[in-house]
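The values are calculated or read from the model by the stated rules, or taken from the named source; none is laboratory data. In this text the structure is predicted, and so the values were computed from the model without any measurement. Neighbour counts are summed over all protein chains in view; Cβ atoms, including those assigned to glycine, are modelled from backbone coordinates with ideal geometry. The area values use the complete protein model at the heavy-atom level, side chains included, leaving out ligands, DNA and RNA. Shrake-Rupley method; radii C 1.70, N 1.55, O 1.52, S 1.80 Å.
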Amino acid sequence: MGMLWYLARNNWCYVIGACWIFFAGAVLIWNLLAGPTYVVKIQTAAQTRRLKAVERARKYEAFSAIVVPIIVAEQQPKPVSAVAP
């Protein structure tokens, strides 16, 4: 898109084209520096939900360190008491 501004051959078109290319490059560099991404989904018996807030690697690692032990603890079988209520 930014390269199209150079076709007009006016000074202000060169400025707008350069700004557009700089902006697009900055977005690409920011995405590269932010790190790898994951698709994180929580699946229950009723539905599957995508968690967009934890799609970057650092956030996912912190999230999984908190949530996975809670889920594993809840999925353990509960001891059955000998006395019926």
Exercise. Conditions: (1) modelled with pLDDT of 85 or more; (2) in a helix (DSSP H, G or I); (3) not aliphatic (A, V, I, L, M). Residue 49 meets all but one. Number of the miss?
Worked result: (2)
Exercise. Within the range 55-78, is there a residue that is out of contact with any Pro (no Cβ under 8 Å at 6 or more places or on another chain), of a type in the set (Val, Ile, Thr) and part of a loop (DSSP other than H, G, I, E, B)?
Worked result: no
Problem set entry | Residue among 33, 7 that is modelled with pLDDT of 80 or more and open to solvent by 100 Å² or more (accessible area, probe 1.4 Å) | 33
